[in-house]
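Before any comments, here is the structure.
The values are calculated or read from the model by the stated rules, or taken from the named source; none is laboratory data. What you see is a predicted model, and the numbers here were worked out from it, not measured in a lab. In this analysis, Cβ positions are derived from the backbone assuming ideal geometry, glycine residues included, and neighbour counts consider all displayed protein chains. Surface areas here come from the heavy atoms of the whole protein model, side chains and all, with no ligands, DNA or RNA. Shrake-Rupley method; radii C 1.70, N 1.55, O 1.52, S 1.80 Å.
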Amino acid sequence: MLGSMMQMPLLISSLLMHAERHHPEQEIVSRRVEGDLHRTTYRELAGRARRMANALTARGLKMSDRIGTLAWNGYRHLELYYAVSGSGAVLHTINPRLHPDQIVYLADHAENTILFFDLTFLPIVEAIAPRVKTIKAFVAMTDAAHMPAGSAIPNLLCYEDLIAEGAPEFDWPQFDENTASSLCYTSGTTDNPKGALYSHRSTLLHTLSAALPDALNCSAGDCILPVVPMFHVNAWGIPYVACMVGAKLVFPGAGLDGKSLHDLFEAEGVTMAAGVPTVWQGLLAHMQANNLGFSTMRRTVIGGSACPPAMIEAFEKTYKVHVVHAWGMTELSPLGTICSFKFKHKELSVDQQLALQARQGRVLFGIDMKIVAPDGGEVAWDGLQTGDLQVRGHWVIDGYFKGEGNNPLVRGWFPTGDVAKIDADGYMQITDRSKDVIKSGGEWIGSIDLENIAMAHPAVAMAACIAARHPKWDERPLLVVMKKPGMDVTRDELIKFYEGRVARWWTPDDVVFVDSIPLGATGKMQKNKLREQFRDYKLPTA
Ligand code: AMP
């Protein structure tokens, strides 16, 4: 017997319709490429998304067409999130920090038909326009007054002209909720990037779960500033969550430095932000140097790479901002786990709570996880033993776009490539990427632990721990350190800093100081580049 309940497909357009009907006056503030601060509302967002959907449809947009974007976080990008996916086409958000050759590869692989871009990225578009195979029109996300003069880009259109030509009425089409909605490619450090093709259903279920109190904990009373880019896994789902709960949204545009962010936090009453540790490092350095605080910020979601405990402590103790440590992947839309306390943890001391927050946390409902040994057997959740982390769930890919990489699943589970341990309460902690693990004398040394310790030293701005060759132990840890400006620390002082903080055989054998540590397009340390750079490094212990 079937239940007698209404059937409504889970479609992204329903989020926008909800926001327009129930939170029409809620504000969306964007720092624009044009230089000013722009203010709009959910009502206007919905109206302009309808106009854009009309304009694109009139120009031949079809279901499942892939529409590319090269854009910062801003209201026009948000309009495209809804206009494109809501029409049944697929929004392909491209990371503009990638090399132009990679951008050409992605646009061709996705068979993009239109490319929208912020003016910042005009030089990239000029470079790739003669090379891409399927793009028929390029749209500059600006108004007529700011259109680039004399550009050689063929079929160059103006965003605001499209909005003006689209009629205001548009009935969002109803279709199968399993229809593809958006496309993000993995960073692809070694191979070509592979595409994760999300569906309306997976996105809606992710949105519902992501907003829960034990997850991002978002409500209509929040003012959310996603620093995490809308070109990196849909800004962790915040553009959808904000519409669902009716939160005020603040978009930082290209201003991601500490001062620009802090000014915006204070001016707009931001209560919650989300971003990778490297961005928060810039913010904290600016605040420390200028003796600043937060008036309204209450919590920040940190993920993308491990959040160093020293950063969690600074936010919690000095700035009274609660840190929500999260783990996810492009292949998971992206949220997998979030660290929030259980009832019994409220009794813990502040320092015990901080130690718990260094973990990546518990799964959201909708995701399951396990850690497995090399033989595929499940590893116990004792908080000690590590294994390869595998996941499955409603918003996990079951294959890459166009079948790249064949079938990635192992007996129905997605192997994440991360090494982790899980404790009896279900709190997961990433110890490494499997390819970054240091294998010393047959035992594994987790590089993230060693980096976190170095990051707790006041003179260290960034630290990466990589495997260096050793004749006896195969591999030993080598610590690569970037110092904070004007601060000093020696190799021996840093080695000594590990005493009592880690088992002796885990202590790095040597330290090298560098001017900068290479970061990838999503702010993660590129350890493969460091390994290459220090391939022939001779350890003093070797
Ligand atoms: P991406 O698909 O580019 O978002 O990268 C996903 C990878 O980033 C994961 O597989 C992890 O290796 C890493 N990652 C994401 N969040 C965290 C976190 N909180 N701690 C440690 N690693 C993380």
Quiz item: Which one of these does G188 not meet: (1) out of contact with any strand residue (DSSP E or B) (no Cβ under 9 Å at 6 or more places or on another chain); (2) modelled with pLDDT of 95 or more; (3) under 29 Å from G520 (Cβ atoms)?
Solution: (2)
Quiz prompt | Set P252, P239, P226, P213: member being open to solvent by 10 Å² or more (accessible area, probe 1.4 Å) and not aliphatic (A, V, I, L, M) | solution = P213
Practice problem: Any chance you could count how many residues in the stretch 333-368 are open to solvent by 60 Å² or more (accessible area, probe 1.4 Å) and touching a Lys or Arg at 6+ places or on another chain (Cβ under 6 Å)? | Solution: 1
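When the stretch 333-350 is examined, which residues are found to be farther than 23 Å from Y185 by Cα and assigned to a loop (DSSP other than H, G, I, E, B)? Let's see the steps before the verdict.
Let us first name the residues in the stretch 333-350 that are farther than 23 Å from Y185 by Cα, namely 339-350.
If the condition is that a residue be farther than 23 Å from Y185 by Cα and assigned to a loop (DSSP other than H, G, I, E, B), then C339, S340, F341, K342, L348, S349 are the ones that fit.
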Quiz item: Which members of the stretch 483-513 meet the condition of being hydrophobic (A, V, I, L, M, F, W, C) and either modelled with pLDDT of 95 or more or closer than 15 Å to E451 by Cβ (or both)?
Solution: V489, L494, I495, F497, V502, W506, V511, V512, F513
Quiz item: Quick one: is S187 among the polar types (S, T, N, Q), part of a loop (DSSP other than H, G, I, E, B) and not assigned by TED's automatic domain parsing to the domain that holds A49?
Solution: no
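Go through the residues of the stretch 351-366 one by one and say whether even a single one is touching a Pro at 6+ places or on another chain (Cβ under 6 Å) and either more than 16 Å from the ligand (Cβ to nearest atom) or not in a helix (DSSP H, G or I) (or both).
Taking the stretch 351-366 as the starting set, the residues that turn out to be touching a Pro at 6+ places or on another chain (Cβ under 6 Å) are 358.
Filter again for either more than 16 Å from the ligand (Cβ to nearest atom) or not in a helix (DSSP H, G or I) (or both), leaving 358.
Among the residues of the stretch 351-366, at least one is touching a Pro at 6+ places or on another chain (Cβ under 6 Å) and either more than 16 Å from the ligand (Cβ to nearest atom) or not in a helix (DSSP H, G or I) (or both), which makes the answer yes.
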Self-check item: For P374: the one exception among (1) at pLDDT 95 or above; (2) away from the ligand (no atom under 16 Å from the Cβ)
Solution: (1)
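Taking the stretch 511-531, which residues are under 17 Å from V437 (Cβ atoms) and not in a strand (DSSP E or B)? Spell out how you get there, then give the answer.
To start, the set of residues in the stretch 511-531 that are under 17 Å from V437 (Cβ atoms) comprises 524-528, 530-531.
Across the stretch 511-531, the qualifying residues are K524, Q526, K527, N528, L530, R531.
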Quiz item: What's the number of the condition E451 fails, among (1) open to solvent by 20 Å² or more (accessible area, probe 1.4 Å); (2) acidic (D, E); (3) touching a Cys at 6+ places or on another chain (Cβ under 6 Å)?
Solution: (1)
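Being closer than 19 Å to A456 by Cα and either open to solvent by 10 Å² or more (accessible area, probe 1.4 Å) or within 13 Å of the ligand (Cβ to nearest atom) (or both) is true for just one of T330, T296, T318. Which residue is that? Please lay out each step first, then the result.
Values: T330 fails: closer than 19 Å to A456 by Cα; T296 fails: closer than 19 Å to A456 by Cα.
One residue alone meets the criteria, T318.
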Quiz item: Which helices (runs of 4 or more DSSP H) sit wholly inside the stretch 46-156 and have at least 2 residues that are of a type in the set (D, E) and out of contact with any strand residue (DSSP E or B) (no Cβ under 8 Å at 6 or more places or on another chain)?
Solution: 100-110
Practice problem: Scan G403, G426, G387, G399 and give me the residue that is free of Cβ contacts under 8 Å to residues at least 40 places away in the same chain, out of contact with any His (no Cβ under 6 Å at 6 or more places or on another chain), under 23 Å from S209 (Cα atoms) and more than 14 Å from the ligand (Cβ to nearest atom). | Solution: G399
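Among the residues of the stretch 6-21, write down those that are part of a helix (DSSP H, G or I), hydrophobic (A, V, I, L, M, F, W, C) and out of contact with any Gly (no Cβ under 8 Å at 6 or more places or on another chain).
Pass one, the stretch 6-21, residues part of a helix (DSSP H, G or I): 12-21.
Among the residues that remain, those that are also hydrophobic (A, V, I, L, M, F, W, C) are: 12, 15-17, 19.
Of everything in the stretch 6-21, those that are part of a helix (DSSP H, G or I), hydrophobic (A, V, I, L, M, F, W, C) and out of contact with any Gly (no Cβ under 8 Å at 6 or more places or on another chain) turn out to be L15, M17.
Kindly check whether there is at least one residue in the stretch 392-406 that is under 30 Å from K472 (Cα atoms), under 20 Å from the mean Cα position of the chain (by Cα) and buried (at least 22 other Cβ atoms within 10 Å of the Cβ). Steps first, answer last, please.
First, the residues of the stretch 392-406 that are under 30 Å from K472 (Cα atoms): none.
Taking every residue of the stretch 392-406 in turn, none turns out to be under 30 Å from K472 (Cα atoms), under 20 Å from the mean Cα position of the chain (by Cα) and buried (at least 22 other Cβ atoms within 10 Å of the Cβ).
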Quiz item: Out of the residues in the stretch 532-541 that are among the charged types (D, E, K, R) and part of a loop (DSSP other than H, G, I, E, B), which is most open to solvent (accessible area, probe 1.4 Å)?
Solution: K538
Practice problem: Just name the residue that is farthest from the ligand (Cβ to nearest atom) out of those in the stretch 164-197 that are under 28 Å from G246 (Cα atoms) and open to solvent by less than 10 Å² (accessible area, probe 1.4 Å). | Solution: G166
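Given the residues W444, W413, which is the only one that is open to solvent by 10 Å² or more (accessible area, probe 1.4 Å), among the aromatic types (F, W, Y) and more than 15 Å from the ligand (Cβ to nearest atom)? Walk me through it before giving the result.
Working: W413 fails: more than 15 Å from the ligand (Cβ to nearest atom).
Sole residue among the options that is open to solvent by 10 Å² or more (accessible area, probe 1.4 Å), among the aromatic types (F, W, Y) and more than 15 Å from the ligand (Cβ to nearest atom): W444.
Taking the options T271, T278, name whichever one is of a type outside the set (F, W, Y), at pLDDT below 95, under 28 Å from S209 (Cβ atoms) and not assigned by TED's automatic domain parsing to the domain that holds Q429. I'd like the intermediate steps shown before the answer.
Values: T271 fails: at pLDDT below 95.
Answer to the check: T278.
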